[in-house]
Amino acid sequence: MPLKEAQFYEILDAGRVKCRLCCHYCIIAPDRFGHCGVRRNIDGRLYTYTYGRPVAVNIDPIEKKPLRQFLPGTMTYSLGTFGCNFHCANCQNYDISQVGGAEETLLVPPLIAPEQIVTQAIENNCPSISYTYSEPTIFAEYALDIMKLARERGLKNIWVSNGFMSPECRREIVPYLDAANIDLKSFDPEFYLKVCQAKLEPVLENLQAVKAAGVHLEITTLIVPTLSDEERMLKDLAGFIVQELGAETPWHLLRFSPEAAWKLKQLPATAQEAIAKAKNLGVLAGLKNIYV
């Protein structure tokens, strides 16, 4: 299978292209990759290296995504590719998410057609397919083709995402999306800039749009000592969920583990007391479903 031309981009002058897949909106010069490391300008056209090349495929409990109020007790067929449009210093899947920008590496994973993914999910009695591990936005064309087939076969589609997709990408995905767990990593724009090399506002907009579209939505926040554990910020974050997404929206609180992180290994693991404090702030804000 040759490289697949990307769906979400426009052609500019001087051989450049503008990627419209996520809210970085990378302008990419000839023979260069975008921020995600898996989309390349070849002769004035944008190509994706992730189509048909999952690097991780597993059957997981749906609670691992984490989803607690969607198909509980079931297994979900999970896949992800190389690359990510974030570069989070706390990333625990950095061995696949931070791989990109080298053709010989990106072409290593064996090809698996969308039809094969759906067939394997059915054969393994999985009622859903999860696009996860790295960031599904950066393999959106592949995910979309799988999602359409999955919908035809009666399977549910789940995204585990950082929520940074462009409105153009979101409009294509949402009609086939049944559930999502989206990270709301912090309510501090500086955290997104410094720790993730991204922006907060597009994430908030996408959370509201996904919820408004009727997709089952759950939120995850990793509590990182000294970076995303400040009381005022967590109050504001919990308040946003209540006011904009609904008090019933599940909120998952995760502990940071420095030994598993890409960077930030100098930080301590999140104390149980910090998780308990964050949970209490969520309760005081009015959240009904908090999972630690």
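The values are calculated or read from the model by the stated rules, or taken from the named source; none is laboratory data. Just so you know, these numbers come straight off a predicted model, no measurement behind them. Don't worry about glycine lacking a Cβ; one is built from the backbone with ideal geometry, like all the others, and counts go over all protein chains shown.
In segment 232-246, the count of residues that are of a type outside the set (V, I, T), part of a helix (DSSP H, G or I), in contact with a Lys or Arg (Cβ under 7 Å, 6 or more places away or on another chain) and assigned by TED's automatic domain parsing to the domain that holds I112 is one or more.
Determine whether Q266 is in the same structural domain as K148 (by TED's automatic domain parsing), outside any helix (DSSP H, G or I) and either farther than 23 Å from I158 by Cα or not polar (S, T, N, Q) (or both).
Details: in the same structural domain as K148 (by TED's automatic domain parsing): yes; outside any helix (DSSP H, G or I): yes; either farther than 23 Å from I158 by Cα or not polar (S, T, N, Q) (or both): yes.
Yes, satisfied.
Is it true that some residue in segment 11-23 is touching a residue at least 24 places away in the same chain (Cβ under 8 Å) and among the small types (G, A, S)? Within segment 11-23 (the criterion being touching a residue at least 24 places away in the same chain (Cβ under 8 Å) and among the small types (G, A, S)), the answer is yes, since at least one residue qualifies.
For segment 32-63, what are the residues that are surrounded by fewer than 18 Cβ atoms within 10 Å (Cβ to Cβ) and touching a residue at least 12 places away in the same chain (Cβ under 8 Å)? Full working, then the answer.
Step one: of segment 32-63, the residues surrounded by fewer than 18 Cβ atoms within 10 Å (Cβ to Cβ) are 32, 42-45, 56-61, 63.
The answer is I42, D43, G44, R45, A56, V57, N58, I59, D60, P61.
Note on segment 90-174: enclosed helices (runs of 4 or more DSSP H) holding 3 or more residues that are in contact (Cβ under 8 Å) with a residue 12 or more places away in the chain, out of contact with any His (no Cβ under 8 Å at 6 or more places or on another chain) and not charged (D, E, K, R) are 94-97, 114-123, 140-152, 167-173. Taking segment 175-202 as the search range and keeping residues that are in a helix (DSSP H, G or I) and in contact with a Lys or Arg (Cβ under 8 Å, 6 or more places away or on another chain), which one is farthest from C26 (Cα to Cα)? So the residue we want is Y176. The residues of segment 204-244 that are surrounded by fewer than 22 Cβ atoms within 10 Å (Cβ to Cβ), over 25 Å from N90 (Cα atoms) and not polar (S, T, N, Q), listed by number, are A209, K211, A212, A213, G214, V215, H216, V242, E244.
Which one is surrounded by the fewest Cβ atoms within 10 Å (Cβ to Cβ), of the residues in segment 247-263 that are assigned to a loop (DSSP other than H, G, I, E, B) and out of contact with any strand residue (DSSP E or B) (no Cβ under 9 Å at 6 or more places or on another chain)? Per the stated criteria, the residue is E248. The residues on offer are L200, L177, L207, and the sole one that is in the same structural domain as P250 (by TED's automatic domain parsing) and either under 17 Å from P250 (Cα atoms) or aromatic (F, W, Y) (or both) is L207.
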